[in-house]
Amino acid sequence: MPDFVPPADATLAAKLAEARKRMAALDLPRPLAARLHRQFIAICDAVKAPGADEASGERRLAAFLAALEQAAARISGPS
C-alpha cells in the first residue's frame with residue numbers, strides 16, 4: 001500500500017496555519033500587526049479564490065514570511 005501523500009493544497013493550508021501561529025506568537029506593535037494581518041488575510045483569500053494558482057499562493061506566502069521575519073528582527077533588535 002503506498003504512503004499517503006496529502007494533496008498540494010493541504011500542504012499550502014498547513015503552511016498558512018504555521019504562518020498564522022508564528023505571527024500570533026510575536027508581540028508586534030499594533031499598526032504593524034494590523035498590516036501583516038491584512039496581508040495574511042489577502043493571501044488566504046487569494047488561495048481560496050476559484051481558479052487560484054498554487055504556485056502564486058506559495059510565492060505570496062514566502063513574501064509574507066519574509067516580511068514577518070523582518071518584523072520579528074526589528075522588534076527583537078540586534079542579537
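The values are calculated or read from the model by the stated rules, or taken from the named source; none is laboratory data. Everything quoted here is computed from the prediction, not taken from an experiment. Every residue, glycine as well, gets a Cβ built from its backbone with ideal geometry; the counts of neighbours run over all protein chains shown. Just the protein is used for accessible areas: all its heavy atoms, side chains included, with ligands, DNA and RNA removed. Shrake-Rupley method; radii C 1.70, N 1.55, O 1.52, S 1.80 Å.
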With a Förster radius of 25 Å, plug the Cβ-Cβ distance of Asp27 and Glu58 into 1/(1 + (r/R0)^6) and report the FRET value to the nearest 0.05.
0.35
For region 10-79, which GluC sites (Glu not before Pro) are in a loop by DSSP, counting at most 10 other Cβ atoms within 10 Å?
none
The helix 54-76 Cα axis meets the longest alpha-carbon principal axis of the chain at an angle in degrees, between 0 and 90 and rounded to 10, of 20 degrees
Heavy-atom accessible area per residue of the chain, all protein chains kept, 1.4 Å probe, expressed in Å², is 71 Å²
Counting only protein heavy atoms and using a 1.4 Å probe, what share of the accessible area of the chain belongs to carbon plus sulfur, as a whole percent?
60 percent
To the nearest 10 degrees, how steep is helix 8-25 against the longest Cα principal axis of the chain, on a 0 to 90 scale?
20 degrees
Out of these labelled values of Cα extents along the principal axes in Å, (i) 31, 23, 19; (ii) 46, 29, 18; (iii) 49, 30, 17, which was calculated from the coordinates shown here?
(iii)
Which value in deg cm²/dmol, rounded to the nearest 500, describes the helix-derived mean residue ellipticity at 222 nm for the chain, given -39,500 (n - 2.57) per DSSP H run of n ≥ 4 and division by the residue count?
-26000 deg cm²/dmol
According to a simple spin-label model (label point 7 Å from Cα along Cα-to-Cβ), what is the distance in nm between Glu69 and Arg35?
1.9 nm
